[in-house]
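Below is one structure, written out as structure tokens; comments come after it.
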Amino acid sequence: MERSQNKMCCKEKSVTAEENLFFAACDCEEEIGRGKPIRGRTKSRSLSASPGPGSTKEFRRTRSMHGPCPVTTFGPKACMLQNPKAIMHIQDPASQLLTWNKPPKSVLVIKKVRDASLLQPFKELCVFLTEKNMIVYVEKKVLEDPAIVNDENFGPVKKKFCTFREDFDDISNQIDFIICLGGDGTLLYASSLFQDSVPPVMAFHLGSLGFLTPFSFDNFQTQVNQVIEGNAALVLRSRLKVKVHKEHKDKKTMMQNGVEENGLLVSQDKEHGKQTKYQVLNEVVVDRGPSSYLSNVDVFLDGHLITTVQGDGVIVSTPTGSTAYAAAAGASMIHPNVPAIMITPICPHSLSFRPIVVPAGVELKIMLSPDARNTAWVSFDGRKRQEVCHGDSISITTSCYPVPSICFRDPVNDWFDSLAECLHWNVRKKQNHFTGDEEEEEEEY
């Protein structure tokens with residue numbers, strides 16, 4: 001009886017999956033017929049979720065970056081065992097829309113510090129937000145800028161701000177959404193302030209590169225109003241959950257529990273040590289630091305040694321980070337919606353060591369090789385740089401807390417626009433077409 005019930009359960013799942021395939025295929029066919037080619041950015045732009053003139057739908061659906069849900073029954077009897085603990089859900093990027101359970105009341109404004117060109121946009125934005133009765137949070141060191149301190153006209157607005165200090169004040173449950181003014185570094189900094197759930201981030205391009213900042217500040221009032229109304233698309237940028245375990249290096253403890261090797265005391269007490277955690281948006285970089293020797297680190301995947309990196313180091317990046325340091329090191333560029341982790345060697349001492357992409361659910365572990373001549377150094381999104389010694393370990397996996405980045409149009413168009421404008425992807429002079437005389441010469445040959 002129990003076996004027959006299991007068969008019926010599999011059969012019901014099969015029908016549901018086939019229906020999903022059918023409807024998804026129909027949606028794709030309809031959109032291919034009326035889809036528009038991707039163009040470069042225009043001067044006048046609006047958020048993707050706003051309906052066009054004469055449109056009856058609330059949102060223009062674009063083609064999905066992912067295929068339909070796979071059928072989990074294979075042939076007449078085989079099926080895949082379902083994992084009730086699975087937490088990863090791949091959603092069609094075109095359906096990732098911002099909505100509010102309650103109207104947002106508080107906003108964190110992040111400004112690039114020590115940049116005089118951002119003072120006027122910062123003041124204009126803050127005045128606009130306070131006039132809308134929003135609670136504005138600003139980092140304390142931003143308000144310590146002499147240009148802001150000495151501005152008497154800005155004083156009444158500044159008194160309404162709520163201030164905080166990094167690493168001292170916890171604002172994780174007080175912010176409804178974030179506005180970044182600057183370059184890509186402001187978005188990375190915003191991510192580092194929230195170790196768990198991250199509020200939606202709206203990033204204005206006021207820096208140098210601007211790959212992660214799709215908004216122009218020219219029409220900021222309309223764009224901010226649309227976000228407050230919940231009229232925007234989102235791209236979920238996955239982060240890496242990193243744990244750094246360091247062996248205890250207390251001299252007294254090592255004298256009691258250690259042994260001497262080449263004049264150095266090495267701790268043998270595995271119960272001592274400290275562990276720190278990080279949420280990383282771009283990449284974890286392990287390199288050889290100031291040493292002239294090759295780095296020599298072991299990389300484990302789910303507990304199995306997969307390779308030893310001998311070279312300048314290794315980059316473990318998210319899809320968002322694939323267009324940063326990893327791209328400069330020769331890796332492929334991955335769309336942020338693809339659930340993956342990229343492993344890229346830095347100047348490897350092997351011609352066959354190519355970058356690889358692994359599933360997002362795996363757990364990587366990086367340690368110094370036992371016979372490494374020197375220590376290594378690790379940094380997280382270019383910050384918190386620290387030394388990695390023998391016995392230390394770095395565990396990396398995909399975090400369940402992504403960064404919800406607000407799109408200008410939609411996840412696909414925004415990404416390709418950034419590739420074209422910021423990285424000049426596949427830019428070259430076009431080949432001249434044949435003239436009539438050249439075609440006649442070609443026929444003679």
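The values are calculated or read from the model by the stated rules, or taken from the named source; none is laboratory data. Not measured: the values here are computed from a predicted model. Note that we place each Cβ from the backbone using ideal geometry, even for glycine, and neighbour counts take in every protein chain shown. When the accessible area is computed, the model is the full protein with side chains, heavy atoms only, and any ligands, DNA or RNA have been set aside. Shrake-Rupley method; radii C 1.70, N 1.55, O 1.52, S 1.80 Å.
Points worth noting:
- Output for the stretch 147-198, where each listed residue is crowded, with 16+ Cβ neighbours inside 10 Å, over 17 Å from the mean Cα position of the chain (by Cα) and part of a helix (DSSP H, G or I): Ile148, Val157, Lys158
- Residue count, the stretch 356-397 (criterion: out of contact with any strand residue (DSSP E or B) (no Cβ under 6 Å at 6 or more places or on another chain), outside any strand (DSSP E or B) and either closer than 16 Å to Val316 by Cα or not charged (D, E, K, R) (or both)): 5
- Residue match in the stretch 342-362 (condition: of a type in the set (Ser, Thr, Tyr), open to solvent by 10 Å² or more (accessible area, probe 1.4 Å) and either more than 17 Å from Gln275 (Cβ to Cβ) or more than 18 Å from the chain's Cα centre (by Cα) (or both)): yes
- Qualifying residue in the stretch 194-211 (condition: touching a Leu at 6+ places or on another chain (Cβ under 9 Å), of a type in the set (Ser, Thr, Tyr) and on the phi < 0 side of the Ramachandran plot): no
- The single condition from (1) over 28 Å from the mean Cα position of the chain (by Cα); (2) in a loop (DSSP other than H, G, I, E, B) that Lys123 fails is (2).
- Residue selection: Asp381 satisfies the criterion of being touching a helix residue (DSSP H, G or I) at 6+ places or on another chain (Cβ under 7 Å), under 15 Å from Val286 (Cβ atoms) and either at pLDDT below 95 or open to solvent by 10 Å² or more (accessible area, probe 1.4 Å) (or both).
- Among the residues making up the stretch 199-213, a single one is open to solvent by 10 Å² or more (accessible area, probe 1.4 Å) and not in a loop (DSSP other than H, G, I, E, B): His205.
- Consider the stretch 407-438 and keep the residues that are in contact with a Pro (Cβ under 8 Å, 6 or more places away or on another chain) and in a helix (DSSP H, G or I). The one that is farthest from Ala203 (Cα to Cα) is Val412.
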